1. Just to be sure I understand, if you calculate Rg/Rh (Cα atoms, Kirkwood Rh) for this structure, which of [x] 0.98; [y] 1.02; [z] 1.17 do you get?
2. For V88 and D306 in the same chain, what is the full-extension length gain: residue separation times 0.36 nm, less their Cα-Cα distance, in nm?
3. Please list, in order, the residues from the range 298-320 whose amide nitrogen is less than 20 Å from a point placed 7 Å along the Cα→Cβ vector of L30.
4. Going 7 Å from the Cα of R41 along its beta-carbon direction, which residues of the range 299-325 have the amide nitrogen within less than 17 Å of the resulting point?
5. Give the long-range amide H neighbours of M235: residues separated by 5 or more places, or on another chain, with amide H under 5 Å away, using H modelled in the peptide plane at 1.01 Å from N.
6. Sort 143-156, 120-133, 268-281, 65-78 for me by packing, meaning the mean count of neighbouring Cβ atoms within 10 Å per residue, highest on top.
7. Do any cysteines of the chain lack a neighbour Cys whose Cβ is under 4.7 Å away, and which are they?
8. Working out 0.36 nm times the residue gap between K299 and I263, then minus their Cα-Cα distance, what length gain in nm do you get to one decimal?
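Rule-based calculations on the coordinates, nothing more; no lab input. In this text the structure is predicted, and so the values were computed from the model without any measurement. So basically every Cβ, Gly included, is an ideal-geometry build from the backbone, and we count neighbours across all protein chains shown.
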Amino acid sequence: MTQMNRRIVLASRPQTAVSPDNFRLEQTPLATLGDGQFRVRNHYLSIDPYMRGRMNDAKSYAEPLAIGDVMIGATVGEVVESKHPSFVVGDKVTGMFGWQDYDTSDGVGVRKVDDALVPLTAYLGVAGMPGVTAWYGLNKIIAPQSGQTIVVSAASGAVGSVVGQLAKLAGCRAVGIAGGEQKCRYVVEELGFDACVDYKAGNLYPALKAATPDGVDGYFENVGGESFDATLSRMNPFGRIALCGMIAGYDGQPVPLKQPSIILTMRLLVQGFIVTEHLDVWPEALGALTRLVAQKKLKFRECVADGLERAPEALIGLLHGQNFGKQLVKIA
């Protein structure tokens, strides 16, 4: 009997907000492995904001998904069949295998992982792409110095939570921006930030001013919109801004800056970056992050949806800030 593979494909492009109708669950037979190939059974799928951009047919840093393509995404799983000399059955691996039960690979872009000291799911978060994103933006763009103040938006999320903890390890004052009292309490009490501002409380700028009495030297931006404007107004001369995401505008119209002139008057460095364009730093970053996780010096929280069929719901929730911690989908 032919083994079947469940997969979720892009059924239509969102006109505004993403809806369940934009996805389709399919079943297809698994092909026979060729020489030099191996098959991975995906256990967990990472849900990330960049996925929203790939659903659009628009010019960007990466090609959009075509209608009918399997939704893009990183997974962590186990080799269940192999005709590849470097991958054997039982190997734990992570790669861009997408929203599906199984995928076949020749090994390009696939990384073996060890879950003896680091949980398997962490390789999709704190010890994976989100962690490297945080590490790169903080260390290579913001370049923090001890005693400086670093602010990060979406501070309870997969990237923001790592930024703040790394800033603290570098001797900085870490201030987060997050949505809701519960998330802010977690950021301060569990992650060790010095302060966290609740943007939903309605007093973002006054609260941020109180939390940054010496101004802001470095800002890691994941959201855009009101958070960006408020933090710009607190930037010190020659401050550095690592621009990673603008999720506030992903599901609708972009939110324009109200005071872009501050970039000039404060002589700010504003650098957008895509972490997959800096693969040369990944070994250093991943080595540092996995050591910190193994030593329990980096904490993380996960939000797990159970079942491949819940991946669309998980992405829609992520885009509306409903997740608390790194959003994952448990596939098997």
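1. Here the calculated entry is [x].
2. Values: separation 218, 0.36 × 218 = 78.48 nm, distance 2.76 nm.
Between V88 and D306, full extension yields an extra 75.7 nm.
3. Only 307-309 pass the distance filter.
4. 307-308
5. V216
6. On the way: 143-156: 23.2, 120-133: 25.8, 268-281: 13.9, 65-78: 18.8.
Going by the mean number of other Cβ atoms within 10 Å, highest first, we get 120-133, 143-156, 65-78, 268-281.
7. When partners are defined as cysteine Cβ atoms under 4.7 Å apart, the chain leaves C172, C244, C303 without one.
8. Numbers: separation 36, 0.36 × 36 = 12.96 nm, distance 3.33 nm.
Using 0.36 nm per residue and subtracting the Cα-Cα distance, I get 9.6 nm.
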